[in-house]
Amino acid sequence: MKRPLRIIVLIIFLIVTLPIELEVLLYLLDPWGLKYFDDLAILWENVVIDPDRGYVLPAGTYKFSHWTATINEGSVRAVPGNQRGSCKVLFIGDSVTWGHGVDDADTWISRIAEQMPQIDAINAALDGYNSENVRRGIAGFPDAKVIVYFVIGNDAEPTSGWDYGLPQQPHLSMIEKYIRYIQLNAQINAPAPKAETAQQDPNYIRFKNDLQALADDGRVIFFAPKDVFEASIVSQYDIHELTADPKNPDRISAADPHPNPNGHRRVAAFILPFVQSAAAKACPQ
């Protein structure tokens, strides 16, 4: 009688403690690399409203899962490779431009600055910025001679900052992270809206208007990952497309496509000649 009772108690115990066991197992193994996603929660806890860019990180040093970001006065990220030349080059965009997931010195902006002593490189990007944050944000840097905008597909999504509200993400358990990731993947893999429907989306209309305003500025160079935008967008705004290397994805983790330090080196190598050419024209020696 005692043995069956012990087995029943053990089964009940295992069932009751299963969430804890699963949580520990996912934390230790983390096969998809989702523990890094709490970095966003840390980020959104600290952002504040900004009249130009919508929202920014106040000056300070921010420690994330495996990397550190230093924010200087003016809420621009530190660029250790910057040599403070006379030609101001503004880099603005979302997390890929800001350097989510890598230390200050490993960002592609810092690597470009190391090779261009004639420029003063300003990293005014941040996670979540869309085309409106970029378009309105450049007003805070009127003396920039060249503006580099790395456009991402989600730059046509709704705006955060100003009166729209700040982005938010709570700290999640590992189980919650995996559930959230599976749900997001289901949304991403859902059938895409028809082209005519996308063209009527007010956020997409705003996105195209923002691109046109930035193109009309005359200082902006556009970059984007290859095959993200339709050919008409690429040609109309002379977007330089960066091709990914499928054999060497250079990403932070299986689930997080942000480039790791090697990925930033590849981005820097691609963009460098365009920035050199633009700086030579805008700031002749």
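So, in the range 266-285, how many residues would count as being farther than 28 Å from Pro142 by Cβ and either outside the structural domain of Ala215 (by TED's automatic domain parsing) or out of contact with any strand residue (DSSP E or B) (no Cβ under 9 Å at 6 or more places or on another chain) (or both)?
Selection size over the range 266-285: 1.
Just wondering, is there one or more residues in the range 90-107 that are in a loop (DSSP other than H, G, I, E, B), more than 20 Å from Pro257 (Cα to Cα) and in contact (Cβ under 8 Å) with a residue 60 or more places away in the chain?
So far as the range 90-107 goes, no, none of its residues is in a loop (DSSP other than H, G, I, E, B), more than 20 Å from Pro257 (Cα to Cα) and in contact (Cβ under 8 Å) with a residue 60 or more places away in the chain.
From the set of residues in the range 23-81 that are among the charged types (D, E, K, R) and modelled with pLDDT under 95, which is surrounded by the most Cβ atoms within 10 Å (Cβ to Cβ)?
Looking at the filtered set, the residue picked out is Asp39.
Go through the residues of the range 27-47 one by one and say whether even a single one is part of a strand (DSSP E or B) and farther than 20 Å from Lys177 by Cα.
Within the range 27-47, not a single residue is part of a strand (DSSP E or B) and farther than 20 Å from Lys177 by Cα.
Would you please name the residue that is farthest from Leu214 (Cα to Cα), looking only at residues in the range 59-89 that are of a type outside the set (Val, Ile, Thr) and either outside the structural domain of Gly137 (by TED's automatic domain parsing) or in a strand (DSSP E or B) (or both)?
That would be Lys63.
Of everything in the range 93-124 that's surrounded by fewer than 22 Cβ atoms within 10 Å (Cβ to Cβ) and among the hydrophobic types (A, V, I, L, M, F, W, C), which residue is nearest to the chain's Cα centre (by Cα)?
Ala105
Gly137: in contact with a strand residue (DSSP E or B) (Cβ under 8 Å, 6 or more places away or on another chain), at positive phi and not aromatic (Phe, Trp, Tyr), yes or no?
no
Considering only the range 60-89, how many residues are within 20 Å of Asp256 (Cα to Cα) and hydroxyl-bearing (Ser, Thr, Tyr)?
Within the range 60-89, residues that are within 20 Å of Asp256 (Cα to Cα) and hydroxyl-bearing (Ser, Thr, Tyr) number 3.
Filter the range 125-159 down to residues that are in a helix (DSSP H, G or I) and among the hydrophobic types (A, V, I, L, M, F, W, C) and give me whichever is surrounded by the fewest Cβ atoms within 10 Å (Cβ to Cβ).
My answer is Ala139.
Quick one: which helices (runs of 4 or more DSSP H) sit completely within the range 169-285 and have at least 1 residues that are at pLDDT below 85?
Correct list: 174-188, 195-200.
Residues of the range 37-85 being free of Cβ contacts under 8 Å to residues at least 24 places away in the same chain, farther than 19 Å from Gln169 by Cα and among the polar types (S, T, N, Q), which ones?
Within the range 37-85, Thr61, Asn72 qualify.
The values are calculated or read from the model by the stated rules, or taken from the named source; none is laboratory data. Everything numeric in this text was worked out from a predicted model, so none of it was measured. Heads up, the Cβs are rebuilt from the backbone with ideal geometry, glycines too, and the neighbour counts pull from every protein chain shown.
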